[in-house]
Amino acid sequence: MDGIHDLGGKQGFGKIIREPQEPAFHERWEASVYTAMTAIVRRGWLGNIDRFRHAIERIEPSAYLTHSYYGRWLAGLETLLEEGGHLTCEDLDRLVRQKGGFDEDQALVRAARPSLYFNVSSPSESGGLGARREVSRTPHFALGERVRTSAHGHDGHTRLPGYVRDKIGEVVALHGAWVYPDSNAHGGGEQPCHLYTIAFEGSELWGSGGEPGTEVCVDLFEPYLESCEG
């Protein structure tokens, strides 16, 4: 889906600042969110990582830009718990008030756009398997082949960034088949697809404004691609 989360290739957000010896958690509540995530995964309430990413993508834009990494995690977990029927927004409001907070502190989950594409009764992905899968079909594209990316995304979750859509690049690596996030996030099953690394010239992505000699490599799934050869 297109949203504020898709910041790749965007300008105007300033330089990325790296924090030397950055701690795992800047505040105690961040560790609590991490612990909650672990507990929810063990109970099987998360569904799968792609569903979780889609929940984060639906955070209200100003909240997404304002809150920290674990603040977005918390909003995504709240959304999934509410959609899965494990608690309600009223439950969240009551718990926040018990801790001395205010109803508006729950704006993240309340402002999230509901997912119209996820089947909450669908099974979770098998734990411990990772996302790589074995498939009998061979890759459609070969090393060195020139491909064009799809010009459009869709309303649900996708791993095709906006800034590389409708662009021509070259296949520089093949990675086998992996769980297809666009399906897995919405209860459509894993539908494993071949995954490739595609190299794009900076001028292809940004025109004459691109830095000379720049090359950007992006891992993309087979359904996002079509051949340019012939």
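Are any residues in the stretch 140-159 open to solvent by less than 60 Å² (accessible area, probe 1.4 Å), over 13 Å from F200 (Cβ atoms) and touching a residue at least 40 places away in the same chain (Cβ under 8 Å), and if so, which ones? Steps first, answer last, please.
Residues of the stretch 140-159 open to solvent by less than 60 Å² (accessible area, probe 1.4 Å): 141-142, 144-145, 147, 149-151, 153, 156-158.
Those left that are additionally over 13 Å from F200 (Cβ atoms): 141-142, 144-145, 150-151, 153, 156-158.
Once the filter is applied, which keeps residues that are open to solvent by less than 60 Å² (accessible area, probe 1.4 Å), over 13 Å from F200 (Cβ atoms) and touching a residue at least 40 places away in the same chain (Cβ under 8 Å), the stretch 140-159 yields F141, E145, S150, G153, G156, H157, T158.
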### Query
What do you reckon, is C193 modelled with pLDDT of 95 or more and either of a type in the set (S, T, N, Q) or open to solvent by 70 Å² or more (accessible area, probe 1.4 Å) (or both)?
no
### Message
What's the number of the only condition in (1) open to solvent by less than 70 Å² (accessible area, probe 1.4 Å); (2) small (G, A, S); (3) assigned to a loop (DSSP other than H, G, I, E, B) that S136 fails to meet?
### Response
(1)
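Give me a count of the residues in the stretch 19-57 that are closer than 21 Å to G189 by Cα and surrounded by 13 or more Cβ atoms within 10 Å (Cβ to Cβ). It would help to see each step written out before you state the result.
First, pick out the residues of the stretch 19-57 that are closer than 21 Å to G189 by Cα: 40-57.
Subset that is surrounded by 13 or more Cβ atoms within 10 Å (Cβ to Cβ): 40-41, 45-57.
So the answer is 15.
Would you please name the residue that is most open to solvent (accessible area, probe 1.4 Å), looking only at residues in the stretch 69-102 that are part of a loop (DSSP other than H, G, I, E, B) and more than 26 Å from G187 (Cα to Cα)? Talk me through it step by step, then tell me what you get.
From the stretch 69-102, those part of a loop (DSSP other than H, G, I, E, B) are 84-88, 99-102; that's our starting set.
Subset that is more than 26 Å from G187 (Cα to Cα): 99-102.
Numbers: K99: 182, G100: 57, G101: 22, F102: 127 Å².
Step by step, filter the stretch 69-102, then rank; the result is K99.
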### Message
What pairs come out if I take residues in the stretch 162-188 that are without any contact (Cβ under 8 Å) to a residue 24 or more places away in the chain and pair them with residues that are open to solvent by less than 40 Å² (accessible area, probe 1.4 Å) and of a type outside the set (G, A, S) whose C-beta lies under 7 Å away, six or more apart or interchain?
### Response
R165/T149; D166/T149
### Count of the stretch 23-63 residues which are within 14 Å of the chain's Cα centre (by Cα) and of a type in the set (D, E)
2
### Message
Checking F13 against (1) within 25 Å of P181 (Cβ to Cβ); (2) out of contact with any Leu (no Cβ under 8 Å at 6 or more places or on another chain); (3) loosely packed, with under 11 Cβ neighbours inside 10 Å: exactly one of these is not met. Which one?
### Response
(2)
### Every pair of residues 6+ apart whose Cβ atoms lie under 7 Å, when the first sits in the stretch 207-230 and is part of a loop (DSSP other than H, G, I, E, B) while the second is polar (S, T, N, Q) and open to solvent by less than 90 Å² (accessible area, probe 1.4 Å)
G210/S203
### Message
All but one of (1) open to solvent by less than 20 Å² (accessible area, probe 1.4 Å); (2) touching a Leu at 6+ places or on another chain (Cβ under 8 Å) hold for A185; state the number of the condition that does not hold.
### Response
(2)
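G176: open to solvent by 30 Å² or more (accessible area, probe 1.4 Å) and either hydrophobic (A, V, I, L, M, F, W, C) or out of contact with any Ser or Thr (no Cβ under 9 Å at 6 or more places or on another chain) (or both), yes or no?
Values: open to solvent by 30 Å² or more (accessible area, probe 1.4 Å): no; either hydrophobic (A, V, I, L, M, F, W, C) or out of contact with any Ser or Thr (no Cβ under 9 Å at 6 or more places or on another chain) (or both): yes.
Against the criterion (open to solvent by 30 Å² or more (accessible area, probe 1.4 Å) and either hydrophobic (A, V, I, L, M, F, W, C) or out of contact with any Ser or Thr (no Cβ under 9 Å at 6 or more places or on another chain) (or both)), G176 does not qualify.
The values are calculated or read from the model by the stated rules, or taken from the named source; none is laboratory data. All values derive from a computational prediction rather than experimental measurement. For neighbour counting, all protein chains shown are included, and Cβ atoms are generated from backbone atoms with ideal geometry for every residue, glycine included. SASA here: full protein model, heavy atoms, side chains in, ligands and nucleic acids out. Shrake-Rupley method; radii C 1.70, N 1.55, O 1.52, S 1.80 Å.
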